[in-house]
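Computed from the coordinates by the stated procedures, all read-outs in this text should not be read as laboratory data. It should be emphasised that the depicted structure is a prediction, and the values quoted were computed from it without experimental measurement. For neighbour counting, all protein chains shown are included, and Cβ atoms are generated from backbone atoms with ideal geometry for every residue, glycine included.
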Amino acid sequence: MKVAENLIHISQQISNACHKVNRTPTEVRLIAVTKYVSIDRANETLEAGIINLGENRDDGLLKKWEVLGDKPIWHFIGTLQTRKVKNIIDKVEYIHSLDRISLAEEINKRAVKRMKCLVQVNVSQEESKHGLAPEAVLDFIKDLRPYENISIEGLMTMAPFTDDEEQLRTCFRKLRELRDQIKNCNLEYAPCTELSMGMSNDFEIAIEEGATMVRIGTALVGVAGEEE
Ligand SMILES: *Cc1c(COP(=O)(O)O)cnc(C)c1O
């Protein structure tokens, strides 16, 4: 399927989910996750009118960046090793996976402008997932005050791997409540308005629970080898 065709369907789903809870679709930023697909496919995604692209590895991002440059707004959504920060810092607009002070320190040191970060939270507390435990997030963000080149734009999570709708909903709702709690602290360096949650299988529920950024790969651009 062409990206443009998938986009028609997904835009409709986004709009329906918004409608259900009295939100407007413009509140939801669609990030196309291009990690599985070719540069050509990423370019097709841009041509379909999607300007936010997400990659989860530094080498994948660099390869596409060499060709597409600053045409997309790049989101780094994967686990970020401290030593890889310097490779991506001047190319991405958002880092969705801030989860430790040592990483904040490196981002702060290397940043070419105030870096927009989201704190990754392991809401479901699965061992296989990265991110801070929910109860650790507020203290972590308070500890970021000295890092002048970091702005905490919001929180990010990956939901548990399940199709149990209630379990997904509970996870997204917890992240929203945590986001609200931090937002209400009115920290100058942590406006914390964004909620990055929802992927191919669960983005509609995430939107109903307040997502402002959804990260969609498979359903939008497909996976390698199945792009057509
Ligand atoms: C791969 C990935 C996605 C997209 O997953 P799909 O199920 O293909 O939509 C979203 N977020 C992160 C962090 C990812 O690594």
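By its C-alpha gyration tensor, with a ≥ b ≥ c as the square roots of the eigenvalues, how is the chain shaped: rounded for a/c under 1.5, else prolate for a/b larger than b/c, else oblate?
Numbers: a/c = 1.72, a/b = 1.14, b/c = 1.51.
Oblate, because a/c is 1.5 or more while a/b does not exceed b/c.
State the Cα centre-to-centre distance between region 53-116 and region 146-203 in whole Å.
The distance from the Cα centre of region 53-116 to that of region 146-203 comes to 19 Å.
Between Ile95, Ile152, Ile73, find the one with the highest GNM mean-square fluctuation for the chain; connect C-alpha pairs within less than 10 Å.
Ile73
Say the cut-off is 29 Å between C-alpha atoms; which of Lys2/Lys183; Lys2/Lys64; Lys113/Lys174 go over it? Can you show the working numbers first?
Numbers: Lys2/Lys183 39 Å; Lys2/Lys64 19 Å; Lys113/Lys174 31 Å.
Over 29 Å apart, Cα to Cα: Lys2/Lys183; Lys113/Lys174.
Given Cβ point charges of +1 (Lys, Arg) and -1 (Asp, Glu) and nothing else, what value in debye, to the nearest 20, does the dipole of region 7-117 about its Cα centre take? Don't jump to the answer; show the numbers that get you there.
Numbers: 19 positive and 14 negative charges, 68 e Å.
Using only the charged Cβ atoms, the result is roughly 320 debye.
In cubic angstrom, how much convex hull volume per residue do the alpha carbon atoms of region 160-228 span? Walk me through the numbers on the way to the answer.
On the way: hull volume 6.8 nm³, N = 69.
In region 160-228, the Cα convex hull volume per residue is 99 Å³.
Given 0.36 nm per residue, what is the gain on full extension from Gln81 to Val67 after removing their alpha carbon distance, in nm? Intermediate values should be presented prior to the final figure.
On the way: separation 14, 0.36 × 14 = 5.04 nm, distance 2.37 nm.
Roughly 2.7 nm would be gained on extension.
Would you mind working out the magnitude of the charge dipole of the chain relative to its Cα centre, with +1 at each Lys and Arg C-beta and -1 at each Asp and Glu C-beta, to the nearest 20 Debye?
Numbers: 30 positive and 37 negative charges, 156 e Å.
My answer is approximately 760 debye.
With each pseudo-label sitting 7 Å past Cα toward Cβ, what's the Ser11-Glu47 distance in nm, one decimal?
1.7
Under a plain spin-label model, where a point goes 7 Å from the Cα along Cα-to-Cβ, how far apart in nm are Ser128 and Ala219?
2.0
Spin-label point model (7 Å from Cα, Cβ direction): what's the Asp163 to Thr193 distance in nm?
Rounded to a tenth, the inter-label distance reads 3.7 nm.
With a ≥ b ≥ c taken as the square roots of the eigenvalues of the C-alpha gyration tensor of region 52-165, please select rounded if a/c is under 1.5 and otherwise prolate if a/b is larger than b/c or oblate if it is not? Let's see the in-between values first.
On the way: a/c = 2.06, a/b = 1.21, b/c = 1.70.
It is oblate, given that a/c is not under 1.5 and a/b is not larger than b/c.
Counting Lys and Arg as +1 and Asp and Glu as -1, each charge on the Cβ, what is the dipole of region 141-228 about the Cα centre in debye, to the nearest 20?
Working: 9 positive and 18 negative charges, 118 e Å.
It works out to roughly 560 debye.
Stretch Ser38-Gln181 to full length: gain in nm at 0.36 nm per residue minus the Cα-Cα span? Write out the running numbers ahead of the final one.
Numbers: separation 143, 0.36 × 143 = 51.48 nm, distance 3.98 nm.
Contour length minus the Cα-Cα distance gives 47.5 nm.
Let's test the formula: R0 of 25 Å, r as the Cβ-Cβ distance of Ala136 and Glu93. What FRET efficiency results, to the nearest 0.05? Show your work: numbers first, answer last.
On the way: r = 26 Å, r/R0 = 1.05.
For Ala136 and Glu93, the calculated efficiency is 0.45.
Going by a ≥ b ≥ c, the root eigenvalues of the Cα gyration tensor, does region 1-124 fall in the rounded group (a/c under 1.5), the prolate group (a/b larger than b/c) or the oblate group?
Numbers: a/c = 2.30, a/b = 1.39, b/c = 1.66.
Judged from the Cα gyration tensor, region 1-124 comes out oblate (a/c at least 1.5, b/c at or above a/b).
What's the exposure ranking of Lys20, Lys129, going from fewest to most Cβ atoms within 10 Å? Intermediate results must be reported in sequence, preceding the final value.
On the way: Lys20 11, Lys129 17.
Final ranking by Cβ density, sparse to dense: Lys20, Lys129.
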